[in-house]
Amino acid sequence: MSYVIDRRLNGKNKSTVNRQRFLRRYRDHIKKAVEEAVSRRSITDMEHGEQISIPGRDIDEPVLHHGRGGKQTIIHPGNKEFITGERIPRPSGGGGGSGAGKPSNSGDGMDDFVFQITQEEFLDFMFEDLELPNLVKRHITGADTFKSVRAGISSEGNPSRINIIRTLRSAHARRIALSGNSRAKLREARAELERLKIEEPDNFGDIQKLEAEISRLRMRIERVPFLDTFDLKYNLLVKQPNPSSKAVMFCLMDVSGSMTQATKDIAKRFFILLYLFLKRSYDKIDVVFIRHHTSAKEVDEEEFFYSRETGGTIVSSALKLMQEVMAERYPVNEWNIYAAQASDGDNWNDDSPVCRDILIKQIMPFVQYYSYVEITPREHQALWYEYENVREAFPDSFAQQQIVSAADIYPVFRELFQRRLVS
């Protein structure tokens, strides 16, 4: 009896290739479903994927088949109204036989076909086409990452890296060099022996001498080994420093008293989304968390998202602290510096011009990208208009957007970090 054991990595009745082909085909539907899911559920709820429904009109496949052809006369069993030869009038409602049928109020219906995408696939679609703008590679002293690169051929190395072709080529060249002269003499002796056997068959003395010479030459050639340790050649690999794009993201969040609990929740959700994007998409990145009211303080991740500290509003305190941390820990010749600021825009009137001056003179010349998000349903405050002056001075590296409700978080996030086409 035969036993078939399924050792495929994908498991029974699964195919990664077919699944990836399916995801590519219905990419637009999946992206739309992911955007809707992000707007209706918590950003931190990433332990599962999402159920995706595909409209029936997009699942249907065109099918070619042979028709019955000719004229068909059919009387179905149970018919009490028509007989053979009668003509059936066209339905007045134009509903294809359904009379005065009407479409549903919801328009196009949804097919029952629903499938589940995994957490990894959900995040892939969520952060697709997003990147940190203007990211460049800096020179890093003491880089601790390396990559192995080919560096030619070596006579010593790991047996797993042996180069078979180079080894056999070297062995063949060695055998030719050591036995080439003997092989030439062997060919001449064999030719002379054949001549003597044909022309002088009675010359036993010379024939015996040639046979002994041929035997000696053959033994000499056979003593040359087919493969010697000298012939072994290995692929040489060397470790090369791998310069990586090191970046730091400054997260500045307003926690003043003017920020309502709903506004703070939106700001936290925005930064959670940003933090998730950075940690998933970039290996070498630092995140600096700064909370501020009348004074600013650098905090860790836990305190940044869950602390309840509050107070008045002086936005310039956060910008000054950011500038100090930049100068102390993140030299501009080694780091790509980014910043994201979230606030309701409420600030002391005298402080907003100070914020503008700090950004233009001390921060913007040294950062790759600065994004400001104002979370307010009302008209813009003085801080927004001062930041418009910063955007005019640095149009390629400064961006500002407004968030009114939680549904705007993901669209605004994609707008701020959308991949730019290089001109």
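For Lys31 and Asp283, compute 0.36 nm times the residue count separating them, minus their Cα-Cα distance, and round to one decimal in nm.
Values: separation 252, 0.36 × 252 = 90.72 nm, distance 2.49 nm.
Extra length available between Lys31 and Asp283 comes to 88.2 nm.
At a 1.4 Å probe radius, which order do Ile314, Ile198 fall into by accessible area, largest first?
Result, largest first: Ile198, Ile314.
Once ligands and nucleic acids are excluded and a 1.4 Å probe is used, how much of Thr313 is accessible, expressed in Å² to the nearest 10?
Accessible surface of Thr313 is approximately 10 Å².
Set the Förster radius R0 to 35 Å, insert the Cβ-Cβ distance between Glu334 and Gln401 as r into 1/(1 + (r/R0)^6), and round the FRET efficiency to 0.05. Each step should come with its number before you reach the end.
Working: r = 30 Å, r/R0 = 0.84.
Efficiency for this residue pair is about 0.75.
Could you put Tyr306, Tyr282, Tyr410 in order of accessible surface area, largest first, with the 1.4 Å probe and the full protein assembly present?
Numbers: Tyr306 150, Tyr282 45, Tyr410 10 Å².
Per-residue accessible area, sorted high to low, gives Tyr306, Tyr282, Tyr410.
How far is it, in nm, from the label point at Glu309 to the one at Glu415 when both lie 7 Å from their Cα along the line to the Cβ?
For the pair Glu309/Glu415, the computed spacing is 3.2 nm.
What pairs in Lys233/Lys284; Lys147/Lys246; Lys264/Lys320; Lys147/Lys268; Lys185/Lys233 have C-alpha atoms more than 28 Å from each other?
Check vs 28 Å cut-off fails for Lys233/Lys284; Lys147/Lys268; Lys185/Lys233.
For an R0 of 60 angstrom, estimate the FRET efficiency from the Cβ-Cβ distance between Asn158 and Lys71 and round to the nearest 0.05.
0.15
Determine the sum of side-chain charges near Val224: Lys and Arg each +1, Asp and Glu each -1, restricted to other residues whose C-beta is under 11 angstrom from that of Val224.
+3
If you take the charge dipole of the stretch 159-236 about its Cα centre, with +1 on Lys and Arg Cβ and -1 on Asp and Glu Cβ, which of Phe230, Pro201, Ser182 is farthest toward its positive end?
Phe230
Summing Lys, Arg as +1 and Asp, Glu as -1, what charge do residues with Cβ under 12 Å from the Cβ of Val354 carry, Val354 excluded?
-1
Sort 254-260, 175-181, 342-348 by the packing proxy (mean of other Cβ within 10 Å over each peptide's residues), most packed first.
342-348, 254-260, 175-181
Just to be sure I understand the model, the point goes 7 Å from the Cα along the line to the Cβ. What's the resulting Leu178 to Glu298 distance in nm?
6.7
Given a Förster distance of 35 Å, report the FRET efficiency between Ala327 and Ala151 from their Cβ-Cβ distance, rounded to the nearest 0.05.
With a Förster radius of 35 Å, E is 0.30.
Taking just the alpha-carbon atoms of the stretch 159-236, what radius of gyration and Dmax come out, in angstrom?
In order Rg, Dmax, the Cα atoms of the stretch 159-236 give 18.3, 62 Å.
Based on Cβ point charges of +1 for Lys and Arg and -1 for Asp and Glu, what charge dipole magnitude is obtained for the stretch 369-423 about its Cα centre, in debye rounded to the nearest 20?
Computed about the Cα centre, the dipole is about 280 debye.
Relative contact order of the stretch 159-236, please, whole-number percent, based on alpha carbon pairs below 8 angstrom and at least 6 residues apart.
Relative contact order here is 61 percent.
Please work out the Cα center distance from the stretch 262-278 to the stretch 363-423, rounded to the nearest Å.
The two parts, judged by their Cα centres, are 15 Å apart.
Of Ser352, Tyr372, Gln362, which is farthest on the positive side of the dipole of the stretch 318-379, counting Cα position, with +1 on Lys and Arg Cβ, -1 on Asp and Glu Cβ, and the Cα centre as origin?
After comparing all options, I get Gln362.
Direction-averaged shadow area of the convex hull around the Cα atoms of the stretch 247-417, nm²?
Average of the hull's projected areas for the stretch 247-417 equals 8.9 nm².
Over the stretch 194-292, consider all pairs of different Cα atoms and compute the Kirkwood hydrodynamic radius from their mean reciprocal separation; express it in Å, one decimal.
Computed over the stretch 194-292, the radius equals 22.3 Å.
Hey, can you find the accessible area per residue of the stretch 159-236 for me, probe 1.4 Å, expressed in square angstrom?
Numbers: 5730 Å² over 78 residues.
Here the per-residue accessible area is 74 Å².
What does the charge count near Ser316 come to, summing +1 for each Lys or Arg and -1 for each Asp or Glu among other residues with Cβ under 14 Å from its Cβ?
The answer is -4.
The values are calculated or read from the model by the stated rules, or taken from the named source; none is laboratory data. Everything numeric here is computed off the predicted structure, so don't read it as measured data. Virtual Cβ from ideal backbone geometry, glycine too; neighbours counted across all protein chains shown. Protein only, heavy atoms only, side chains kept; ligands, DNA and RNA dropped before computing areas. Shrake-Rupley method; radii C 1.70, N 1.55, O 1.52, S 1.80 Å.
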